[in-house]
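Notes to accompany the following structure.
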Amino acid sequence: METIIRKTTDSDAFGLASEILRSGGLVAFPTETVYGLGGDALDPEASKKIYAAKGRPSDNPLIVHIAHKEDVYTLASYVPPAAEKLMERFWPGPMTIIFNKKDIVPDATTGGLGTVAIRMPSHPDAKRLIDESKVFIAAPSANTSGRPSPSTADHVIEDLSGRIDMILDGGAVDIGIESSIIDMTGEIPAILRPGYITKADFEEILGEVTIDPAIIKPDPNLRPKAPGMKYTHYAPKGSLTIIEDKAHPAEVSKAVTAEINRLVAESEALGKKVVVLTTAENRSSYSTENVILLGETGNGEEVARNLYSALRKCDDLEADLIYSEAFNRDKYGGAIMNRLLKAAGQKVILV
Ligand code: TXA
Ligand code: MG
C-alpha cells in the first residue's frame, strides 16, 4: 500500500485524512503525548486493521480519542462524579480514563473488555481531525509493536510506511511519553500507567489513589490491569542496562559514572558497539564518544521529550549494549523511570 504523507499545514491534509477515516482506513496523527495510529473506534474492521498494521496482540485494547467532553456519555455506560472532576481539570490533555463501556463500543476496540479507555487530546491537529472526520478515533501509539513510541512523523514513517493509508505530519510532539491512565471503574481510583499527570496531581482532585501494583514492581505473578503494560515495550534492539547508586537512587554519583566507564571499556574490548545515555551535566564524566544526551538533569520534561528518540537512535547507531543513568522518580521522573525500566527489561546494576 502507498502511504500518503501530508504536513498538517497542507490545504488538503485534513480533508483527505477525514475521508480515509470515514471509509474505515488508518491515519497516523500527532497528539501532545506521542503520535497515534487512528481508525474509526466504532468500526470493528478498522480496529482489526490497527492491530494488523502494528503487529499488536489483539487482547491489548485501544484508547478512544474524543474532541468534546460530552462524547464520554455516548461511549461510557457510567461516568462517576469523581471522573467528571478529572475531566474538568485535565481534559483536554495527557490523561486517559477507564470507564465501563456502552454496547456501541465494539469488542474489537476494547480487546473484549467490558471497559473502554477514553482520552481527549489537547493537540490542535488531533482535535481538528476528530472534529472534521466526525469519528471517535481509536488510536494506539503509531509504532510497530515493541518499538519505542513515535515522537515525530519520521518515527512513524520508519515503522509504518507502506502499512497504513496516511500519515499527518504535525512536527515533533510536546510531551514525548504516553498519557497517564487512570481506572475509575473500581472503588478506589487506580493509576494503570504513569505519565505526565502524576499521582500527586490525581490525589489533589480525588483524595486516595492507588497505583496498579503490577507496574510498581513487575512480577510474573501479577497481571497489569492495562494489558499493554505487560509487554516488553519501548525496547531498543540492543541490550539496555540502568546503572543506579544504591544509597542515592536519583544521584549520578562518581560510583555510577565509574561503573559505566568500566562497563563501556569492558564491552568495547569484546568488540561490542556501546552507547551511553546521559545528560548535559554528566557528559564530561565519560570518555567514550558514543553518548546520547537526554537533556538536563532535573529537567524531566526535556528528558521525557527526548527519551524515545534516544532509544531509536540507539538502533540507528546499531548499539549492541546501552548503559543509562537512572533518573529522579519525583514528578515525571516516575513515568520516565517506568519507561526506561521497561526498555531495559528491568535490568539494573546497583553500585
Ligand atoms: O498518549 C497516549 O495515550 C497515546 C496517544 C496516541 O493518545 N496512546 C497510547 O496508546 O499510548 P497505546 O495503545 O499505545 O496504549 C494504551 C494502553 C495500553 O497499555 C492498553 O493496554 C491500555 O492503554 N488500555 C486500553 N484500554 C484499556 C482498558 N479498557 N482497560 C485497561 N487498560 C486499557
Ligand atoms: Mg503503545
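The values are calculated or read from the model by the stated rules, or taken from the named source; none is laboratory data. All values derive from a computational prediction rather than experimental measurement. Using ideal geometry, Cβ is built from the backbone for each residue, glycine included, and neighbour counts are taken over all protein chains shown. Please note that ligands, DNA and RNA were not included when accessible areas were found on the heavy atoms of the full protein model with its side chains. Shrake-Rupley method; radii C 1.70, N 1.55, O 1.52, S 1.80 Å.
Overview of values
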read-out: Yes/no for ILE191 being within 16 Å of ligand 2 (Cβ to nearest atom), modelled with pLDDT of 95 or more and under 30 Å from ALA53 (Cα atoms); value: no
read-out: Where ASP131 falls short, out of the listed (1) more than 12 Å from ligand 1 (Cβ to nearest atom); (2) closer than 25 Å to ARG22 by Cα; (3) open to solvent by less than 20 Å² (accessible area, probe 1.4 Å); value: (3)
read-out: Elements of type strands (runs of 3 or more DSSP E) contained in the stretch 244-340, each with 2 or more residues being more than 30 Å from ASP174 (Cβ to Cβ) and open to solvent by 10 Å² or more (accessible area, probe 1.4 Å); value: none
read-out: Members of the stretch 199-233 found to be of a type in the set (Asp, Glu), more than 14 Å from ligand 1 (Cβ to nearest atom) and at pLDDT 85 or above, listed by number; value: ASP201, GLU203, GLU204, GLU208
read-out: Wholly within the stretch 1-92, helices (runs of 4 or more DSSP H) carrying at least 1 residues that are within 16 Å of ligand 2 (Cβ to nearest atom) and open to solvent by 40 Å² or more (accessible area, probe 1.4 Å); value: 44-54
read-out: Scan of the stretch 134-145 for residues that are within 11 Å of ligand 1 (Cβ to nearest atom), assigned to a loop (DSSP other than H, G, I, E, B) and over 15 Å from SER18 (Cβ atoms), ordered by number; value: PRO140, ALA142, ASN143, SER145
read-out: Some residue of the stretch 152-161 being open to solvent by less than 20 Å² (accessible area, probe 1.4 Å), out of contact with any Pro (no Cβ under 8 Å at 6 or more places or on another chain) and either part of a loop (DSSP other than H, G, I, E, B) or more than 14 Å from ligand 2 (Cβ to nearest atom) (or both); value: no
read-out: Residue satisfying condition, being under 21 Å from the mean Cα position of the chain (by Cα) and either acidic (Asp, Glu) or not in a loop (DSSP other than H, G, I, E, B) (or both), within set ILE205, ILE164, ILE177, ILE191; value: ILE191
